[in-house]
Amino acid sequence: MERVDYRTFEASLERSAQLEKDLQSNPERFRVLTGDRPTGKLHVGHLFGSIENRVRLQNLGVPIFVVIADYQVLTDRDYAGDIAENVHQLVIDYIAAGLDPDGEKTFIFPHSHVPELNQLLLPFLTLVTNAELNRNPTVKEEIQASSQKNITAGMYVYPVHQAADILFCKANVVPVGKDQLPHLEITRTIARRFNTRFCAGNPVFPEPQPLISSAPLILGLDGSQKMSKSRNNAVMLSATEDETAKLIKAAKTDTDRNITYDPESRPEVANLLLIASLCTGAPPEVLAEEIGDKGASRLKAILTESLNEYLRPLRQKRQQLEQDPEYIRNVLMKGIERARQIAKETLVEVRRAMGMEY
Ligand code: TRP
């Protein structure tokens, strides 16, 4: 069989393009697993960067499992905030953005409530070495960025737990940003080693493939770094239209009055054009041309109007969902029930493969 080298980003991109075609022609052959840490509400960067892609896959007919990685929140901070409230808000954002947990294709669940998934961690830990965990570049970056005085074992081990998130339901596709590729590589390694060691010729796990988002990276309103709530440069999906207008008004631009789309030398202006482009469907160059020498104030007016218009239905839905906490809870209960059902079956297979059926 052909071996694809997932270690080079270019190889992954190429493979992703092919995978994208396969997903469109045979959605029923796939199962997607994706997820987030519940650290707060979602913002525009999340929406355009990942959530809309999930909704798109869902609407192609691909079954989707969305894991809310509540245990993972504990890996890089001493104070995790109100996790229950964060989970609640995250589910509201998901549904408002178009994920549909009412059918039988999309399930949303917190991994803390799926014991059989968590059990997979123990055998999986024996399939990777400390050296492999120590050199994970994403973990290294998170250690650098962490506010913790003492880094815990959880920080090094969570990518193995993430493998359990992905493999418990035998997902074969994981939509990811670049930072998650090392984790997916560990997941693939674990799947491969498990199959080789315990059930050669009769694999229990697929080796899931990364689907690298073609969505552009959305910068914050300061234009210098990724949009992020903690950097205070984000427009939350839950913001009001007035709040949105105010934030955009304060966004950083530059001194050149003539608006052009030039991500390299004018990242702030280009980012605002990009968001307006995603909302209107017009290419950023065309928007820039239309604005011309009417300057940043015109650009901001256009962005405010188009973003508020784009988010209006989502925000209305969001408000409705806020009124119905019972429904949100039921969505989670349904997700947990389905995840547990699948995880139980997988755990039976895993124990059988390991010779631990008594
Ligand atoms: N590590 C991911 C993040 O920080 C969250 C996550 C947990 C995840 N388990 C996952 C993502 C499984 C994809 C698949 O955002």
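The values are calculated or read from the model by the stated rules, or taken from the named source; none is laboratory data. Here the structure is a predicted model, which is why all the values come from computation and not from measurement. Cβ coordinates were reconstructed from backbone atoms using ideal geometry, including for glycine residues, and neighbour counts include every protein chain displayed.
The figures follow:
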| item | result |
| --- | --- |
| Of all residues making up region 179-190, the number that are among the polar types (S, T, N, Q) and either within 8 Å of the ligand (Cβ to nearest atom) or surrounded by 22 or more Cβ atoms within 10 Å (Cβ to Cβ) (or both) | 2 |
| Test: residue in region 136-144 that is farther than 30 Å from residue 56 by Cα, assigned to a loop (DSSP other than H, G, I, E, B) and away from the ligand (no atom under 13 Å from the Cβ) | no |
| Complete set of residues in region 73-97 that are free of Cβ contacts under 8 Å to residues at least 60 places away in the same chain, over 21 Å from residue 165 (Cα atoms) and away from the ligand (no atom under 16 Å from the Cβ) | 79, 82, 85 |
| Residue in region 336-358 that is nearest to residue 122 (Cα to Cα), counting only those that are free of Cβ contacts under 8 Å to residues at least 24 places away in the same chain and among the charged types (D, E, K, R) | 351 |
| Matching residues, region 17-48, being within 12 Å of the ligand (Cβ to nearest atom) and touching a strand residue (DSSP E or B) at 6+ places or on another chain (Cβ under 6 Å) | 32, 33, 34, 35, 38 |
| Considering residues of region 162-178 that are part of a helix (DSSP H, G or I) and within 8 Å of the ligand (Cβ to nearest atom) only, the residue surrounded by the most Cβ atoms within 10 Å (Cβ to Cβ) | 166 |
| Residue satisfying condition, being within 18 Å of the chain's Cα centre (by Cα), surrounded by 19 or more Cβ atoms within 10 Å (Cβ to Cβ) and at pLDDT below 95, within set 76, 70 | 76 |
| Residues that are part of a loop (DSSP other than H, G, I, E, B), within 16 Å of the ligand (Cβ to nearest atom) and over 23 Å from residue 217 (Cβ atoms), drawn from region 49-72 | 62, 63, 70 |
| Counted residues, region 222-239 - those being over 18 Å from residue 86 (Cα atoms) and in contact (Cβ under 8 Å) with a residue 12 or more places away in the chain | 6 |
| Qualifying position, being in the same structural domain as residue 188 (by TED's automatic domain parsing), farther than 16 Å from residue 74 by Cα and free of Cβ contacts under 8 Å to residues at least 24 places away in the same chain, among 133, 122 | 122 |
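Okay, residues lined up against (1) at pLDDT below 95; (2) of a type in the set (Lys, Arg); (3) assigned by TED's automatic domain parsing to the domain that holds residue 98:
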site: 283; (1), (2), (3): no, no, no
site: 296; (1), (2), (3): no, no, no
site: 305; (1), (2), (3): no, no, no
site: 314; (1), (2), (3): no, no, no
site: 318; (1), (2), (3): no, yes, no
site: 329; (1), (2), (3): no, yes, yes
site: 332; (1), (2), (3): no, no, yes
site: 335; (1), (2), (3): no, no, yes
site: 344; (1), (2), (3): no, yes, yes
